[in-house]
Amino acid sequence: MTRSSHAASPVVGVLALQGDYAPHAQALEEIGVRTKMVRTKEELAQVDALVLPGGESTTFLKLLDREGLFVPLQSFVQTRPTFGTCAGCILLAKKVLNPEQQSLGVLNATVERNAYGRQNDSEILTEETSLPGGPLEMVFIRAPRIADVGDGVEVLARRSGAPILVREQNVLAATFHPELSEDRRIHRYFLQMVEELPDASHTSHYKKTAVAQPVRTNL
Amino acid sequence: MTDHKNNGSGGHGLRLKVGLAEMLKGGVIMDVTDAQQAEIAERAGAVAVMALERVPAQIRAEGGVARMASIKKIKEIMSASSIPVMAKCRIGHFVEAQVLQELGIDFIDESEVLTPADELHHVDKHAFKTPFVCGARDLGEALRRIAEGAAMIRTKGEAGTGDVVHAVKHLRQIVKDMRQLTVMGEEELYAAAKEHRAPYELIRMVAKSGKLPVPNFSAGGIATPADAALVRQLGAEAVFVGSGIFMSDSTTFAPPKEAEIRARAIVRATTFFDDPKVLAEASEECTGAMKGLAISAMDPSSMMQTRGW
């Protein structure tokens, strides 16, 4: 365990409306992080950082909208450490294609849904990343493709030229599923982002110093 | 027969199959018979749709041989959906499964709702790249299907009835069978394997973990938000809803608006399955449940759940 579990250590929420939230919570707990499932705005207010898991992005959007969680989440992801995988990455993007849909608009990128095909085209690859420790196993399931990234987005890994792991300030996004592999390097990297918080308490917000301000999509 | 060398189960195959099932957890998979219903399902928040020619309630009412849906129908539903599309093949009909795989269906349901094509053998699901879901009434049946390569198990329940009683029965049975294994000694597991008519290795795996090695969903008669939450609370990780959304009774479709309201309420109840306040709201939103058919009043020979072995 890398962290003590005293009261001041940050709590990482996992959006648990639908999808593979349990493997994310397990991955975080394995590296000593306190986690909390988030399904309501009250629960969102109790966490310092958030994981948006894999699942169906359309289902997430409908539930976020109906539960009045979309707007609080949109403001949360502007400043707090947030990590989205697959459907989570789609949700974070500024623009979504195939089909066009609503998103939180905090990641300066265009993401195309199901861009590699259907389930029969899902695959597990091992690719280089800019994280230390050598090539990383990556599980792609009906994966989206990051078609392009704008200013301020750092590309940490690519697949045939297209970005698959990116960071923009407080936001980390992967088009694959690190929670379904045993390698915990990406979750540890996210933990580092969480620990970079000036104060783990909820009142002080992570300072965003981006050159390009993220564009909010309208509801 | 399908070429085993090109199958999806070698190497990473099973992980990718189970991976997609993981993504569907906490969600609702809805039976649809055309593009309009597929759009309603997606708008309501379904995680996947099951492309069918007729919903189980209609199959039951109309009789005849129920087969894989027409290709035209499946393609129509696939092009209307951005979410995964499932389709059913008959038990043991590996050629229907080959056709569905060729079409690019995301999950194949080897289903008792269709008329079985083989009285002895289920499809060798390891031979396919496309993942399979299969029905089960108890742990032994679930593990036999997993041994054949199923990447997801669902309760059989009694499809097309709108009566949840057998989905509950099968789910409780599977959970009870698993719980019993966890307190057994090593030497008892051999006898348990014989009793459940399931491979020892899988029995041992369940005894250790207390759960199935693949996701465990529920199907068969779920018709209301409370039904969906009931099976979730009993341990189902996601739900299949068929006739319960789009039918008023076994032969009449519900008005699309009413179907959409029902579908939305069931999605909400599946996510907030343990929150009675939300369940009360979802139940209130939901108007006009399917009339249904009480299983206790049915002729046992008309049951679909006894198909498969």
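The table below lists the values:
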read-out	value
Residue satisfying condition, being in contact with a helix residue (DSSP H, G or I) (Cβ under 7 Å, 6 or more places away or on another chain) and more than 13 Å from chain A (Cβ to nearest Cβ), within set B:ALA69, B:ALA35	B:ALA35
Filter result (among the acidic types (Asp, Glu) and away from chain B (no Cβ under 14 Å)) within region A:128-178	A:GLU128, A:ASP148, A:ASP151, A:GLU154, A:GLU168
Per-region count, region A:34-64, residues in a loop (DSSP other than H, G, I, E, B), in contact with a strand residue (DSSP E or B) (Cβ under 9 Å, 6 or more places away or on another chain), farther than 19 Å from B:ALA46 by Cβ and open to solvent by 10 Å² or more (accessible area, probe 1.4 Å)	2
Filter result (more than 8 Å from chain B (Cβ to nearest Cβ) and in a strand (DSSP E or B)) within region A:117-127	A:LEU125, A:THR126, A:GLU127
Residue match in region A:70-81 (condition: open to solvent by less than 10 Å² (accessible area, probe 1.4 Å), in contact with a Phe, Trp or Tyr (Cβ under 8 Å, 6 or more places away or on another chain) and either aromatic (Phe, Trp, Tyr) or in contact (Cβ under 8 Å) with a residue 60 or more places away in the chain (or both))	yes
Candidates B:ALA167, B:ALA142, B:ALA150, B:ALA117, filtered to the one that is in a loop (DSSP other than H, G, I, E, B) and crowded, with 24+ Cβ neighbours inside 10 Å	B:ALA150
Unique match (being closer than 27 Å to B:ALA297 by Cα, outside any helix (DSSP H, G or I), modelled with pLDDT under 95 and not hydroxyl-bearing (Ser, Thr, Tyr)) among B:GLY135, B:GLY162	B:GLY162
Of all residues making up region A:124-153, the number that are of a type in the set (Asp, Glu), loosely packed, with under 15 Cβ neighbours inside 10 Å and touching a residue at least 40 places away in the same chain (Cβ under 8 Å)	1
Within region A:39-59, considering residues that are within 12 Å of chain B (Cβ to nearest Cβ) and over 15 Å from A:CYS86 (Cβ atoms), the one nearest to the chain's Cα centre (by Cα)	A:ARG39
Residues that are part of a strand (DSSP E or B) and of a type in the set (A, V, I, L, M, F, W, C), drawn from region A:128-153	A:LEU136, A:MET138, A:VAL139, A:PHE140, A:ILE146, A:ALA147, A:VAL149
Scope region A:154-181; condition part of a loop (DSSP other than H, G, I, E, B) and in contact (Cβ under 8 Å) with a residue 40 or more places away in the chain; matching residues	A:GLN169, A:ASN170, A:THR175, A:PHE176, A:HIS177, A:SER181
Qualifying helices (runs of 4 or more DSSP H) (wholly inside region B:211-304; at least 3 residues being closer than 20 Å to B:ALA51 by Cα and away from every other protein chain (no Cβ under 14 Å))	B:243-246, B:256-271
Hey, A:VAL96 over 30 Å from A:SER9 (Cα atoms), of a type in the set (A, V, I, L, M, F, W, C) and free of Cβ contacts under 8 Å to residues at least 60 places away in the same chain or not	yes
Evaluation of A:GLU29 against (1) within 14 Å of chain B (Cβ to nearest Cβ); (2) open to solvent by 30 Å² or more (accessible area, probe 1.4 Å); (3) not β-branched (Val, Ile, Thr) (one fails), failing number	(1)
Qualifying residue in region B:6-26 (condition: modelled with pLDDT under 95, more than 14 Å from chain A (Cβ to nearest Cβ), farther than 21 Å from A:LEU180 by Cβ and open to solvent by 20 Å² or more (accessible area, probe 1.4 Å))	no
Flag for B:ILE83 being in contact with a Leu (Cβ under 6 Å, 6 or more places away or on another chain), buried (at least 21 other Cβ atoms within 10 Å of the Cβ), of a type outside the set (S, T, N, Q) and not in a helix (DSSP H, G or I)	no
Among (1) in contact (Cβ under 8 Å) with a residue 12 or more places away in the chain; (2) open to solvent by 10 Å² or more (accessible area, probe 1.4 Å); (3) outside any helix (DSSP H, G or I) - the single one A:ALA109 does not satisfy	(2)
Condition broken by A:THR85, with the remaining ones in (1) in contact (Cβ under 8 Å) with a residue 12 or more places away in the chain; (2) under 19 Å from A:LEU191 (Cα atoms); (3) within 11 Å of chain B (Cβ to nearest Cβ); (4) open to solvent by 30 Å² or more (accessible area, probe 1.4 Å) satisfied	(4)
Residue count for region B:40-60, restricted to those that are within 14 Å of chain A (Cβ to nearest Cβ) and either free of Cβ contacts under 8 Å to residues at least 12 places away in the same chain or open to solvent by 10 Å² or more (accessible area, probe 1.4 Å) (or both)	2
Complete set of residues in region B:203-242 that are among the polar types (S, T, N, Q) and touching a residue at least 40 places away in the same chain (Cβ under 8 Å)	B:ASN216, B:SER218, B:THR224, B:GLN233
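The values are calculated or read from the model by the stated rules, or taken from the named source; none is laboratory data. For clarity, every value in this text was computed on a predicted model and none was experimentally measured. When we count neighbours, we look across all protein chains shown, and the Cβ atoms used for this are built from the backbone with ideal geometry, even at glycine. Accessible surface is based on the protein model in full, side chains and every heavy atom, while ligands, DNA and RNA are left aside. Shrake-Rupley method; radii C 1.70, N 1.55, O 1.52, S 1.80 Å.
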